[in-house]
Amino acid sequence: MQKPVELIIFDWDGTLFDSVGQIVASLKFAAQQFEQPLTDDAAKSIIGLGLPEVAQVLFPTVPKLHRDILKTYGDHYVEHSRGDQWFAGVSEMLHDLSAKNLKLAVATGKSRKGLDRVLGQTDSRDLFCVTRAASETKSKPDPLMLAEILQQTGIQADRAIMVGDTSYDLEMAKNIAMPRVGVSYGVHSVEVLQSFQPLSIAHDVAALHQFLNAQVDA
């Protein structure tokens, strides 16, 4: 990259936080309560979208049930997600990048309530200068949440990097001409991520940390 990196924006679930398994389990539990068919692959495929969009994609024929399904999902997730945690190496990576005076941010499909809960769970609120949740803006892949982060930080898109594990993350960044990095240890395949022309695809947190450090030091 020709211009120095000033801001790194991270997706949360599947990128920083090892929560994909619990999200799938909770979505399947909620679907079962309302006698709606749902496969693991279908549940996994929508991770990254805002909750209203999740309901529209997974349960398009029963719009009247969306609110109840999402509430059941949310209650089940909170009750059973105590084991969720950052992927190994994430804490060290975030603290190292922060120590280099980089601005860090979060752009997630979670609700604000859900994001605030896990920020508290990981004691990481102070690591991020801005966080945006899908419940307070437009869902990925619309780039509005990235535009809002850029506006709040005063940083141009070409001096930021979006890091995510799904096509929604990388498409969102591409839509605003922001450099992007994929991670293959989350939801979507390398082939899917590669179609959005990322700078790189990291296969673990250590590789991601090394790549981001190289961009900062370039």
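Quick check on my filter: what residues within the stretch 196-208 are in contact with a Leu (Cβ under 8 Å, 6 or more places away or on another chain) and under 15 Å from residue 94 (Cβ atoms)?
Once the filter is applied, which keeps residues that are in contact with a Leu (Cβ under 8 Å, 6 or more places away or on another chain) and under 15 Å from residue 94 (Cβ atoms), the stretch 196-208 yields only 202.
In contact with a helix residue (DSSP H, G or I) (Cβ under 6 Å, 6 or more places away or on another chain), closer than 15 Å to residue 105 by Cα and basic (Lys, Arg): is that true of residue 180 in this structure?
For residue 180, the condition - in contact with a helix residue (DSSP H, G or I) (Cβ under 6 Å, 6 or more places away or on another chain), closer than 15 Å to residue 105 by Cα and basic (Lys, Arg) - is met.
So that you can scan it fast, the table gives a plain yes or no per residue for (1) open to solvent by 40 Å² or more (accessible area, probe 1.4 Å); (2) of a type in the set (Gly, Ala, Ser); (3) assigned to a strand (DSSP E or B); (4) free of Cβ contacts under 8 Å to residues at least 24 places away in the same chain:
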site	(1), (2), (3), (4)
53	yes, no, no, no
65	yes, no, no, no
79	yes, no, no, yes
92	yes, no, no, no
97	no, no, no, no
104	no, no, yes, no
107	no, yes, yes, no
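Scanning the stretch 122-144 for residues that are assigned to a helix (DSSP H, G or I) and either basic (Lys, Arg) or closer than 22 Å to residue 44 by Cβ (or both), which turns out most open to solvent (accessible area, probe 1.4 Å)?
Residues of the stretch 122-144 that are assigned to a helix (DSSP H, G or I), as a first pass: 125-127, 134-136, 144.
Those left that are additionally either basic (Lys, Arg) or closer than 22 Å to residue 44 by Cβ (or both): 125, 134-135.
Details: 125: 118, 134: 13, 135: 78 Å².
Among those that are assigned to a helix (DSSP H, G or I) and either basic (Lys, Arg) or closer than 22 Å to residue 44 by Cβ (or both), it is 125.
Here's a check for you: in the stretch 4-35, which residue that is part of a loop (DSSP other than H, G, I, E, B) and open to solvent by 40 Å² or more (accessible area, probe 1.4 Å) is nearest to residue 133 (Cα to Cα)?
The residue in question is 18.
The values are calculated or read from the model by the stated rules, or taken from the named source; none is laboratory data. Every value quoted in this text rests on a predicted model; they were computed, and no experiment measured them. Cβ sites come from the backbone with ideal geometry, for glycine too, and all protein chains shown count toward neighbours. Side chains are part of the model used for accessible areas, which takes the heavy atoms of the whole protein and leaves out ligands, DNA and RNA. Shrake-Rupley method; radii C 1.70, N 1.55, O 1.52, S 1.80 Å.
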